[in-house]
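Some notes on the structure that comes next.
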Amino acid sequence: MKKTILAFGIVALLSSCGNNQNQQSNERSQEKMEIKLDGSSTVYPVSEAVAEDYKATNQSVNITVGLSGTGGGFKKFERGETDISNASRPITPLEDSTCLAAGINYIELPIAYDGIAIVVNKDNNWLTKITVNELNKLWEPGAQNKIKKWNQVNPAWPDEEVHLFGTGTASGTFDYFTEAINGKSKSIRGDYTAAANPNVLVEGIHGDKNALGFFGLAYFEANKDKLKLIPVDDEKKEDGDGPVIASQETVKNGTYQPLSRPIFIYVSKKSADKPEVKAFVDYYLENAGKLATEVGYIALPDEVYTMVKKRFTDGVTGSAFAGIDPVGVKLDELLKVEQTAK
Amino acid sequence: MNNEQVKTLKNNAFKIWAIIATSIGLIMLAVLLIKIGMDGLHRLSFDFFTALPSRRPEQAGILTALVGTLWVMVTTAVFAIPIGIGAGIYLEEYARKGWWSSFLEINISNLAGVPSIIYGLLGLEIFVRTLHLGQSILSGSLTLSLLILPIVIVSTREAIKTVPSTMREASYALGASKWQTIWMQMLPAASGGIMTGIILALSRAIGETAPLIVVGALMYVPFVPKSVFDSFTVLPIQIYNWVSRPQAGFIINAAAAIIVLMLITILMNGAAVILRNRWQNRVKW
């Protein structure tokens with residue numbers, strides 16, 4: 001009984017001094033510098049790695065990283081609740097205008113590439129390459145309930161059922177894949193196995209001879225012995241002739257097209273003016289290539305990092321990507337145009 | 001077959017069906033425990049409990065997630081238990097039976113079925129933004145309190161209903177006031193059922209991920225929360241993150257963290273069962 005009375009007391013105490021303590025904690029957090037990151041779960045491992053290493057030498061700064069997803073991250077960023085937003089796709093024109101309306105200017109910084117792997121079962125002996133066209137035939141919305149067998153796509157393939165596996169609709173990988181293959185973001189057939197956790201897809205494809213699926217390259221590299229990676233041919237000469245297999249090199253040099261994409265951080269201009277955030281972002285860009293590779297992504301070419309650093313030093317706000325088709329975009333060209341135009 | 005044989009047959013068939021039904025649950029649990037145990041048991045070490053999150057699976061630990069979970073559970077209990085029991089007592093003992101109380105009753109039962117992420121959105125708007133509590137342990141635990149309140153209220157009411165009305169009448173006959181009757185007779189007698197409801201509710205809260213992510217629980221928190229106003233992460237979010245990472249080492253970490261989370265749940269349930277039995281033994285009628 002006494003315990004219950006005590007519990008009541010604690011509640012009363014907490015509620016009465018809530019506001020007061022909140023202010024205190026705000027003041028305290030200003031003493032102990034804080035940098036808040038949130039957003040994409042794809043970019044998360046890179047930001048985690050950078051924050052981890054940065055903390056080793058800068059104990060005075062508390063860095064936290066959230067996992068709200070690219071869209072959820074931008075929602076918080078728009079309200080000024082975070083300093084840096086992790087994004088696995090460029091900001092959308094709508095998000096961009098919401099930021100502007102809220103007085104949040106941002107600096108857009110590509111930090112690495114991610115490749116999307118097309119994989120099949122180890123025992124699949126008929127598929128040695130696939131064209132973007134064939135992928136589109138398999139995955140387009142119109143294929144639903146129609147394309148059910150391999151030989152419907154290519155007569156050279158067997159008369160067997162095809163089982164499709166892909167990432168869940170909330171992921172940036174899904175958005176990008178559908179845009180690159182089906183020409184429109186989020187447009188896809190509905191009758192495939194979708195999973196938010198790519199490790200589930202890995203197991204699914206591993207156990208099914210007739211499976212074909214897509215997910216981030218890092219998941220293939222961690223499961224090389226279980227799956228077979230299929231080279232993709234976009235039938236365009238300028239992106240490398242013939243089918244190209246996804247790898248660190250082909251993503252980096254831009255020949256693995258159209259299934260490689262840049263990932264970003266967006267830094268609030270207001271935050272970037274604070275010395276602790278500036279120092280952290282400098283450190284981020286300096287080490288992004290090395291750490292991104294370590295967690296399974298692909299480093300940008302050195303000259304692109306130089307341009308990205310310049311973009312941050314110059315404090316270039318606004319998006320170079322918002323509103324343009326992100327598929328097949330060359331970062332160096334885009335940034336070069338922007339920087340020579342200045 | 002005569003009538004007697006048919007009866008025996010039916011009897012046995014029903015018994016076998018009941019045994020199968022029981023064992024399905026137990027077998028699934030056993031398979032899960034064995035699988036998780038094989039994957040994660042060897043990863044449990046002192047370092048695993050004291051290390052901060054890391055990109056290197058073998059160096060990563062659950063310190064901040066574990067402390068975050070404990071903070072959230074304790075504060076959730078502090079809010080949800082008194083409010084839930086209070087509301088249950090009001091509805092059962094004070095509220096006049098009429099359209100208003102049945103309206104409340106239906107709504108509370110419905111609330112128990114609302115998806116948890118909706119509570120997350122509610123918490124984000126009310127606690128984080130309107131009340132400016134920030135993305136803190138306090139916001140998270142207030143949200144979870146809302147989530148589990150219906151369970152606590154409903155089980156409190158059910159528990160009070162099971163107390164024989166002769167108890168109440170005897171108490172009044174001896175000249176006790178309503179307050180004395182509730183506090184000294186009804187509540188102690190109903191405590192077993194109330195306790196069970198609280199255990200179930202808190203066990204639900206400890207496994208929640210979605211509403212906490214919405215409210216602003218983070219993933220990478222390299223410091224231990226020191227007050228209810230600090231940023232935090234919890235074990236289910238840590239597990240959720242680890243199982244979806246590509247490197248095999250993180251899957252092992254996730255299994256180890258699941259073992260820890262299950263141990264906490266078992267400890268909580270065990271403690272509550274002991275408490276309940278001791279309480280129950282004191283009540284004699």
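The values are calculated or read from the model by the stated rules, or taken from the named source; none is laboratory data. Bear in mind that the values here come from a model prediction, so they are computed numbers and not experimental data. Don't worry about glycine lacking a Cβ; one is built from the backbone with ideal geometry, like all the others, and counts go over all protein chains shown.
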Legend entry - Residue in the range B:240-277 that is surrounded by the most Cβ atoms within 10 Å (Cβ to Cβ), counting only those that are within 14 Å of chain A (Cβ to nearest Cβ) and of a type in the set (S, T, N, Q): B:Asn253
Inset, instruction - Consider A:Thr317 carefully, then state whether it is of a type in the set (S, T, N, Q) and closer than 18 Å to A:Val50 by Cβ. - result: no
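Give the range B:172-206 a look and list any residue that's among the small types (Gly, Ala, Ser) and more than 10 Å from B:Ser155 (Cβ to Cβ), or say none. Explain how you work it out, then say what you get.
In the first step, residues of the range B:172-206 are kept if they are among the small types (Gly, Ala, Ser); the result is B:173, B:175-177, B:189-193, B:197, B:201, B:203, B:205.
Selection gives B:Ala173, B:Gly175, B:Ala176, B:Ser177, B:Ala189, B:Ser191, B:Gly192, B:Ser203, B:Ala205.
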Legend entry - Where A:Val46 falls short, out of the listed (1) at pLDDT below 90; (2) over 19 Å from A:Glu179 (Cβ atoms); (3) more than 8 Å from chain B (Cβ to nearest Cβ): (1)
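Quick check on A:Thr178: is it away from chain B (no Cβ under 14 Å), in contact (Cβ under 8 Å) with a residue 12 or more places away in the chain and in a loop (DSSP other than H, G, I, E, B)? Show your work before the answer.
On the way: away from chain B (no Cβ under 14 Å): yes; in contact (Cβ under 8 Å) with a residue 12 or more places away in the chain: yes; in a loop (DSSP other than H, G, I, E, B): no.
For A:Thr178, the condition - away from chain B (no Cβ under 14 Å), in contact (Cβ under 8 Å) with a residue 12 or more places away in the chain and in a loop (DSSP other than H, G, I, E, B) - is not met.
Determine whether A:Leu138 is away from every other protein chain (no Cβ under 13 Å) and either surrounded by 14 or more Cβ atoms within 10 Å (Cβ to Cβ) or not aliphatic (A, V, I, L, M) (or both). First the steps, then the outcome.
Numbers: away from every other protein chain (no Cβ under 13 Å): yes; either surrounded by 14 or more Cβ atoms within 10 Å (Cβ to Cβ) or not aliphatic (A, V, I, L, M) (or both): yes.
The answer is yes for A:Leu138.
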Inset, instruction - Counting only residues that are surrounded by 15 or more Cβ atoms within 10 Å (Cβ to Cβ), give me the helices (runs of 4 or more DSSP H) lying completely in the range B:26-132 with at least 3 of them. - result: B:63-89, B:99-111, B:116-123
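Yes/no matrix, rows are residues, columns are (1) free of Cβ contacts under 8 Å to residues at least 40 places away in the same chain; (2) within 11 Å of chain B (Cβ to nearest Cβ); (3) of a type outside the set (Lys, Arg):
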{"residue": "A:Gly213", "(1), (2), (3)": "no, no, yes"}
{"residue": "A:Asn223", "(1), (2), (3)": "yes, yes, yes"}
{"residue": "A:Lys228", "(1), (2), (3)": "no, no, no"}
{"residue": "A:Glu235", "(1), (2), (3)": "no, no, yes"}
{"residue": "A:Pro262", "(1), (2), (3)": "no, no, yes"}
Inset, instruction - Can you work out which of the residues in the range A:228-247 that are under 21 Å from A:Thr167 (Cβ atoms) and touching a Gly at 6+ places or on another chain (Cβ under 9 Å) is modelled with the lowest pLDDT? - result: A:Asp234
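Going by what's in this entry, would A:Cys17 be described as among the hydrophobic types (A, V, I, L, M, F, W, C), at negative phi, modelled with pLDDT under 90 and not in a loop (DSSP other than H, G, I, E, B)?
Working: among the hydrophobic types (A, V, I, L, M, F, W, C): yes; at negative phi: yes; modelled with pLDDT under 90: yes; not in a loop (DSSP other than H, G, I, E, B): yes.
Spelling it out, A:Cys17 is indeed among the hydrophobic types (A, V, I, L, M, F, W, C), at negative phi, modelled with pLDDT under 90 and not in a loop (DSSP other than H, G, I, E, B).
Step by step: first the residues of the range A:232-280, then only those that are of a type in the set (Phe, Trp, Tyr) and touching a helix residue (DSSP H, G or I) at 6+ places or on another chain (Cβ under 7 Å), then the one that is farthest from A:Thr131 (Cα to Cα). Which residue is that?
Step one: of the range A:232-280, the residues of a type in the set (Phe, Trp, Tyr) are A:256, A:264, A:266, A:280.
Adding the requirement that they be touching a helix residue (DSSP H, G or I) at 6+ places or on another chain (Cβ under 7 Å) leaves A:256, A:266, A:280.
Numbers: A:Tyr256: 12, A:Tyr266: 34, A:Phe280: 42 Å.
So, considering only residues that are of a type in the set (Phe, Trp, Tyr) and touching a helix residue (DSSP H, G or I) at 6+ places or on another chain (Cβ under 7 Å), the one farthest from A:Thr131 (Cα to Cα) is A:Phe280.
Does B:Phe232 satisfy the criteria of being buried (at least 24 other Cβ atoms within 10 Å of the Cβ), within 11 Å of chain A (Cβ to nearest Cβ) and part of a loop (DSSP other than H, G, I, E, B)?
Numbers: buried (at least 24 other Cβ atoms within 10 Å of the Cβ): yes; within 11 Å of chain A (Cβ to nearest Cβ): yes; part of a loop (DSSP other than H, G, I, E, B): yes.
Spelling it out, B:Phe232 is indeed buried (at least 24 other Cβ atoms within 10 Å of the Cβ), within 11 Å of chain A (Cβ to nearest Cβ) and part of a loop (DSSP other than H, G, I, E, B).
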Inset, instruction - Pull up the range A:181-211, narrow it to residues that are within 14 Å of chain B (Cβ to nearest Cβ), surrounded by fewer than 16 Cβ atoms within 10 Å (Cβ to Cβ) and over 22 Å from A:Gly39 (Cβ atoms), then point me to the one that is farthest from the chain's Cα centre (by Cα). - result: A:His206
Inset, instruction - Mind counting the residues in the range A:54-82 that are of a type outside the set (Gly, Ala, Ser), away from every other protein chain (no Cβ under 11 Å) and within 16 Å of B:Gln135 (Cα to Cα)? - result: 3
Legend entry - Within the range A:45-70, tally of residues that are part of a helix (DSSP H, G or I), touching a Lys or Arg at 6+ places or on another chain (Cβ under 9 Å) and of a type in the set (Ser, Thr, Tyr): 1
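Out of the residues in the range B:203-229 that are of a type in the set (Ser, Thr, Tyr) and facing another protein chain (nearest Cβ under 9 Å), state the one that is nearest to B:Ile252 (Cα to Cα).
First, the residues of the range B:203-229 that are of a type in the set (Ser, Thr, Tyr): B:203, B:209, B:220, B:227.
From what is left, the residues that are facing another protein chain (nearest Cβ under 9 Å) are B:220, B:227.
Numbers: B:Tyr220: 19, B:Ser227: 31 Å.
The selected residue is B:Tyr220.
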Legend entry - Top-ranked residue in the range A:148-173 [being closer than 25 Å to A:Ile265 by Cα, touching a helix residue (DSSP H, G or I) at 6+ places or on another chain (Cβ under 7 Å) and assigned to a loop (DSSP other than H, G, I, E, B); ranked as modelled with the lowest pLDDT]: A:Ala170
